1. At a cut-off of 30 Å², which residues of region A:156-181 become less accessible once all protein chains are present than in their chain alone, using a 1.4 Å probe?
2. Between A:V166 and B:R48, what is the label-point separation in nm under the 7 Å Cα-to-beta-carbon projection?
3. Are there any residues in region A:105-130 with a reduction of at least 40 Å² in accessible surface when going from the isolated chain to the assembly of protein chains? Probe 1.4 Å, please list them by number.
4. If you take each beta carbon of peptide B:279-287 and count the beta carbons of other chains within 10 angstrom, what is the mean?
5. Residues in region B:97-140, backbone N under 15 Å from the label point at B:R218 (7 Å along the Cα-to-beta-carbon vector): list them, ranges by number please.
6. Say R0 is 35 Å: what FRET efficiency, to the nearest 0.05, do A:V39 and B:I190 get from their beta-carbon distance?
7. Report, to the nearest whole %, how much of the accessible area of chain B belongs to carbon and sulfur atoms, 1.4 Å probe, protein only.
8. What shape does region B:35-91 have by the C-alpha gyration tensor, where a ≥ b ≥ c are the square roots of the eigenvalues, rounded means a/c under 1.5, and otherwise prolate means a/b greater than b/c and oblate the rest?
Amino acid sequence: MADDIEITADTGAVPPFATAPVGAVLGSVANLLSAIGTVWIGVMMGMIVLDVIGRNFFNAPITGVAEIAGRSVVAVVFLQIAAAVMQGRLTRADFLIRRIQRASPAGARLLDTLFALMGALVFALILWASWPNMMNAWTTAEFFGVQGVFTIPTFPFRAITVIGCVAALLACLYRASMTWRTRTEAAS
Amino acid sequence: MTTLIIGFLLIALLVGLVLLGLQIAYALFAVGFLGIWIIRGNIDLAFRMMELTAYSGIADYLFATIPLFVLMGLLVSVSNVGRDTFEVAEELLRRVLCGLGVATVAANTIFAAVTGVSIASAAVFTRVAVPEMTRHGYRPAFAAGTVAGSSVLGMLIPPSLLLIIYGVLAEVSIGGMFIAGLIPGMLLAIGFVAMLMGVSVLFPSFVYVDPKAARAKRLDRNGPKMSAATMLGKLIPIILLVFLVLGGLYSGFFTPTEAGGIGAFGALIIALWRRSLGSGKMWQVMKQTGAISVPILVLLIAASYYSRMLSIAGLPNAIADLVRASGFSPLGFLCFYSVIILLMGMILDSTSILLIMVPIAAPIAQGLGIDLSHFGIITVLAVEIGLLTPPFGISVFTVHNTLNDPNVTVEQIFAATLPFIGVMLAVLVIVALLPVTATALL
């Protein structure tokens, strides 16, 4: 029987290492992070289900599910953001740029390059802002939760934000250079 | 320059950048950063707030609803639940005027109760309903238009992503938004059915290529019959799921996040039971869940940073004062607001419109004494119309791409959705005039 809907997730095809070493490494790293995030969504669902079942049928709720799920959402976002950048999946209004593309392909590519650099700048800002707190969390062994009930160190979560930003920053720079290069190739 | 003027200039900058095609999340972050820096003259504060938003902006149990409901929608989509629902609706409604059109709306309404994404409904029913309608003498473009038009029900009938996002932005209970969406959603479905029947009587050539075939199908008493047991078998999974999710939500047994988790798990069991997850399907579904929800969550982080900037600039209050001073009546404001959203809907996607408009508009609405749940339903209705209007009507493009029929152009589908837009506008007016439609069940 045919399926109702074709679920064709972007496989995030990584270019071969021989022709584009930077793209290959960056793409693989982004896909790896993204895959961890994908598994994490499933784990989060399982955790919530177990909590609901445990609480209602066995009078045994899982402590801290709400807090952990909240933190998990952020973690999933930063794990998958680099892949989203690499595959150009971040939401944008493209009605004007498509027109510009038709009128002047070079102009559109210039804009796209600038936009990718803008993304790099944004991730650099977040990275710059998040770094000190990650180091603090490490040295002071910062935790979240309720002391005596459950505590979870914040360092891994802060580290995921930082790692995700680094990967996304590199992905933006990579996309900027790729867009720019196609421009010059088209011009020559 | 007062902070207020700076604030307005920054909003203008944001709109300009977004229109130019800058990724909306980048635009929100950059403008927010610039705003806090300039208004407070303190770059450290801008950094500190950025860190705070990135780390904690969406670190709440509530935001887990987004990936969970997306996962649930995708799982029911792969497990042929939509097809079964349509087949039963077709069987039950084929003797009704414009029966297949009505069946599409009915199936979409039920399907909307287990998925929060219009695009998912549009893709499912394009494959299921359009071929069936075409086979029975309906115009392919009309069939496609019906699917695109009725797929917007997914965004109004809970659980709906847009209602969740609105609830987050306006700080209204998401469970409450889900309840508020029920009556307007039913109104919309009933309006669609009435419109389909009316159009098929008054303008048969708009609906049918071959009115006789459709009539024959309608009057055919000897066609293959579906036994009651088969029907029940096809409907049980979706009924159980609707009961589990909506029942759990409305009885207050589940929080929205728990409803999402349990719903996704229920959908997973249905998909496993129907053996629809073989050969890597499961992984594809999971990946697609991330691919849909992460860009939305990124937007939410960026938007919460941007709204912090707006409140630092004192904009929401200032605009609210302006609106009050200008003597706008609540109704006048709603009218003006809906028109702006309808215009934005022609160029922006629905989430982005909510992110840009709600932080500014919700305080105004509150100041004018408009109930925020009521306001949310109006917002979502207006935004949904955008899903059908050119040039950005996503639902229409989804249907067109999925259909992949060279004889049906995008323009034809847009034309066929016009009556649906008419019904939606009518429901929008009704809801705006009668707040009770949204707040009755609260």
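1. So the qualifying set is A:R158.
2. 2.7
3. With the partner chains in place, region A:105-130 has these residues losing at least 40 Å²: A:F115, A:M118, A:V122, A:L125, A:I126, A:A129.
4. Shielding by partners across B:279-287 averages 5.
5. Within reach of a label on B:R218, which here means backbone N under 15 Å from a point 7 Å along Cα→Cβ, region B:97-140 contributes B:97-104, B:136-139.
6. E between A:V39 and B:I190, to the nearest 0.05, is 0.20.
7. 69
8. Judged from the Cα gyration tensor, region B:35-91 comes out prolate (a/c at least 1.5, a/b above b/c).
The values are calculated or read from the model by the stated rules, or taken from the named source; none is laboratory data. Everything numeric in this text was worked out from a predicted model, so none of it was measured. For neighbour counting, all protein chains shown are included, and Cβ atoms are generated from backbone atoms with ideal geometry for every residue, glycine included. Just the protein is used for accessible areas: all its heavy atoms, side chains included, with ligands, DNA and RNA removed. Shrake-Rupley method; radii C 1.70, N 1.55, O 1.52, S 1.80 Å.
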